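Below is one structure, written out as structure tokens; comments come after it.
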Amino acid sequence: MALIAIGQNRKMEDYLESVRRAGGEPVEVVVGSEAPEQVLARVDALVLTGGGDVDPKLYGEARHDTFEAAETGRDDFEIALARAAVAKGLPLLAICRGMQVLNVAMGGTLVQDIPTQVPGAVEHSVPQPRHHIAHEVWVAKGSQLATLLADHMEDGETCHVNSRHHQSVKQAAKGFEITATSPDGVVEAMEKPDARFCVAVQWHPENFWRTGEFRELFEGLVQAANGKKK
């Protein structure tokens, strides 16, 4: 069974169950418990999870007034994890903050506060219930994301997602393609097209493990991880 590392998060249950239901064996990763290279040497794939804001100094900006720091040490540890995973070609699924970590790790930048920096933004912070649908996203045809979510999209172009974030990708890192946006233009997904599996989404697919709307994202990760094991 593929071992799937899951980055530390204050609400792990949904991530763990999503990986299990997709056929993988979750491995919780504690910040600073071991070097990123040691973590990745013993697993077959990586999930970067949600959480607090990535420190903007890491992409050359001053902190916005709304900045809310993640747990101590988490930025540096997860950025190192992301870089090592991409360099190694390890299958990677990045979720919410995880997508932002991945983008910054690979040289991209972030919108620090959508409500004040994106004119006409839709509501992206809908905390409860966690699986509540907040808005639609438009998915790029021909993308890996479109293939994974084909059964959930209307007219092959849109699907509906939950949303709990005030930051997003601004400039996508080199080598990555934006593969979904919300109606206000906020980036909702990106992927590395030359990777076996390197997909990032801004919403929280793990919250739907009971009903399975986005199980294909985790199944795709586990399938890629099993391919790595051969």
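Structure notes:
- Charge tally for Gln202 (other residues, Cβ to Cβ under 12 Å; Lys, Arg +1; Asp, Glu -1): +1.
- Mean projection area, nm², convex hull over Cα of segment 99-166: 5.8 nm²
- The chain - Rg over Rh from alpha carbon coordinates, Kirkwood radius: 0.93
- Segment 1-128, accessible area per residue, ligands and nucleic acids excluded (1.4 Å, Å²): 42 Å²
- Counting only the Cα atoms, segment 1-100 fills a convex hull of 93 Å³ per residue.
- The chain - mean residue ellipticity at 222 nm from DSSP helices (-39,500 (n - 2.57) per run, n ≥ 4, rounded to 500): -7500 deg cm²/dmol
- In nm, spacing of pseudo-spin labels at Arg10 and Ala35 (7 Å Cα→C-beta vector): 3.2 nm
- Beta bridge orientation in the chain: antiparallel %, DSSP, nearest 5: 50 percent
- Counting only DSSP beta bridges with both residues in segment 93-230, the antiparallel share comes to about 85 percent.
- The Kirkwood hydrodynamic radius of segment 113-230, based on inverse pair distances between different Cα atoms, is 14.9 Å.
- For Arg42 and Gln128, the difference between the fully extended length at 0.36 nm per residue and the C-alpha to C-alpha distance is 27.4 nm.
- Legend: Rg and Dmax of segment 147-216, from Cα coordinates, 12.4, 36 Å.
The values are calculated or read from the model by the stated rules, or taken from the named source; none is laboratory data. Remember, predicted model here, so these are calculated numbers, not experimental data. Heads up, the Cβs are rebuilt from the backbone with ideal geometry, glycines too, and the neighbour counts pull from every protein chain shown. Each accessible area value is taken on the protein alone, full model and side chains, heavy atoms only, with ligands, DNA and RNA left out. Shrake-Rupley method; radii C 1.70, N 1.55, O 1.52, S 1.80 Å.
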